[in-house]
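The structure appears below as structure tokens.
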Amino acid sequence: MVGGEETRVKAGAVSKPRGRPRSFDRETALEKALMAFWEHGYEATSVSDLTRVMGIGAPSLYAAFGDKRALFEEVVTSYSTRYGAFCDRALAEEPTARAAVGRMLREAAAAYTAPGHPHGCLVQHAATNCASPEVEASLRERRNADLAAFESRIEAGIAAGELPVGTKAAALARHTGAVVQGMSQQARDGASREELEALAEIAMTVWPRA
């Protein structure tokens, strides 16, 4: 009986798992999907477009990423970590709100015009003509979170005496957000890094001084 049980255990140990192993690199496929969404937006990028650029079939896409919306959410997270992290770094690392926003705008000019990927910001453009209220709301929440981060950093600058007590933090934060969004669109329209850097310098001149 013991010998029979041992035989069965050995047989189970070498048995092959059910289903076929994944035949593509998931991270590579995700990056290709990111580029497609970045270039064309959420609505204009179909599942057939995605399977073509990712080099996989629809069943593999659904098995690895879920549906189109789930894939897009993962794409946005990846984009924010890989291509959009300059914003959080500037706000966290610079000693003053003025230095943080100035650095962020300069780095946006570089990031939005860098070769090798679509110009502008995916989060700003992906919801264009979007018919999905859920996707549109998700992207809006991200943009509003950025505004809240700007306002929080500006309020810290006011409390530290860097900015005058009467500074309107919410309005200055919205000005910053408007500049970032405008830079993104102008990059899509062909503005160069140098042109956007000049815009960033002008935008900083409206900041009050203590």
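The values are calculated or read from the model by the stated rules, or taken from the named source; none is laboratory data. Predicted, not measured: the structure shown is a model, and the values here were computed from it. Note: ideal-geometry Cβ built from the backbone for every residue, glycine included; neighbour counts use all protein chains shown.
Applying a threshold of 7 Å to beta carbon distances and a minimum spacing of six or more residues, or different chains, the list of pairs starting in region 96-113 at a residue that is over 14 Å from Gln181 (Cα atoms) and ending at one that is in a loop (DSSP other than H, G, I, E, B) reads Thr96/Glu162; Ala97/Glu162; Ala97/Leu163; Arg98/Glu162; Arg98/Trp207; Ala100/Glu94; Arg103/Glu94.
Only one entry of Glu74, Glu43 meets the criterion of being assigned to a helix (DSSP H, G or I), of a type in the set (Asp, Glu) and within 13 Å of the chain's Cα centre (by Cα), and that entry is Glu74.
Looking at the structure I just gave you, is Ala137 surrounded by fewer than 18 Cβ atoms within 10 Å (Cβ to Cβ), modelled with pLDDT under 95, under 21 Å from the mean Cα position of the chain (by Cα) and under 21 Å from Ser78 (Cα atoms)?
Working: surrounded by fewer than 18 Cβ atoms within 10 Å (Cβ to Cβ): yes; modelled with pLDDT under 95: yes; under 21 Å from the mean Cα position of the chain (by Cα): yes; under 21 Å from Ser78 (Cα atoms): yes.
Answer is yes for this residue.
Of all residues in region 157-194, how many are farther than 19 Å from Gly120 by Cβ and surrounded by fewer than 21 Cβ atoms within 10 Å (Cβ to Cβ)? It would help to see each step written out before you state the result.
First, pick out the residues of region 157-194 that are farther than 19 Å from Gly120 by Cβ: 157-175.
From the residues that got through so far, the ones that are surrounded by fewer than 21 Cβ atoms within 10 Å (Cβ to Cβ) too are 158-162, 164-171, 174-175.
Of the residues in that region, 15 qualify.
Which condition does Leu199 not pass, out of (1) surrounded by fewer than 19 Cβ atoms within 10 Å (Cβ to Cβ); (2) within 20 Å of Pro95 (Cα to Cα), if it passes all the others? Tallying (1) surrounded by fewer than 19 Cβ atoms within 10 Å (Cβ to Cβ); (2) within 20 Å of Pro95 (Cα to Cα), Leu199 fails exactly one: (2).
Among the residues of region 80-136, the ones that are assigned to a loop (DSSP other than H, G, I, E, B) and either polar (S, T, N, Q) or more than 30 Å from Pro208 (Cβ to Cβ) (or both) come to 15 in all.
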